[in-house]
Amino acid sequence: MIRQEADPLLQPLIGSRPTATDRVVNLVVGTLTSVLVVVTLIMACAYGGWPPDAVDVYFAFVILFVCASLVVLIYWYRQGDLESKFRRMIFYNAFTIALLCVAGNLYIAGVGTSCDS
């Protein structure tokens, strides 16, 4: 049998093709981050009665703006415009957003504030 070499024009410019494990990890990280952001937005607008506290809504929109930069990075990475080393930065940003959402949800719920004076 004659082995044909892969056409270099069909190969990705940077890195290799994503594996099934990469896709699962990306899906899990993206889903968890998205769920936390949505929960934070809902809590900021609906928790504690109407009208919502302006600081809570402001905090939720700041988280959305941070998510916008992450979405742009993910888009560029999927287009092949970024090197594979930026994948770690994307995961780091997703982890940071998740921690920011947890902190926001704790702040909105009033955890840690006591009136025992």
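Observations on the model:
- The stretch 29-53: number of residues that are in contact with a Pro (Cβ under 9 Å, 6 or more places away or on another chain) and closer than 19 Å to ALA98 by Cβ: 1
- So ILE90, is it in a helix (DSSP H, G or I), at pLDDT below 85 and closer than 30 Å to THR21 by Cβ: yes
To keep it simple, each residue is scored yes or no on (1) assigned to a loop (DSSP other than H, G, I, E, B); (2) hydroxyl-bearing (Ser, Thr, Tyr); (3) modelled with pLDDT under 85.
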{"residue": "LEU9", "(1), (2), (3)": "no, no, yes"}
{"residue": "LEU36", "(1), (2), (3)": "no, no, no"}
{"residue": "PRO52", "(1), (2), (3)": "yes, no, yes"}
{"residue": "ILE63", "(1), (2), (3)": "no, no, no"}
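- Flag if TYR58 is modelled with pLDDT of 85 or more, over 13 Å from VAL29 (Cβ atoms) and of a type outside the set (Val, Ile, Thr): yes
- Filtered by the rule that a residue be closer than 21 Å to ALA103 by Cβ and in contact with a Phe, Trp or Tyr (Cβ under 9 Å, 6 or more places away or on another chain), the stretch 54-84 gives VAL55, ASP56, PHE59.
- The lone exception for VAL28 - which of (1) in contact (Cβ under 8 Å) with a residue 40 or more places away in the chain; (2) exposed (fewer than 13 other Cβ atoms within 10 Å of the Cβ) it fails: (1)
The values are calculated or read from the model by the stated rules, or taken from the named source; none is laboratory data. None of these values were measured; they are calculated from a predicted model. Here the Cβ is made from the backbone with ideal geometry for all residues, glycine too, and neighbour counts use every protein chain on show.
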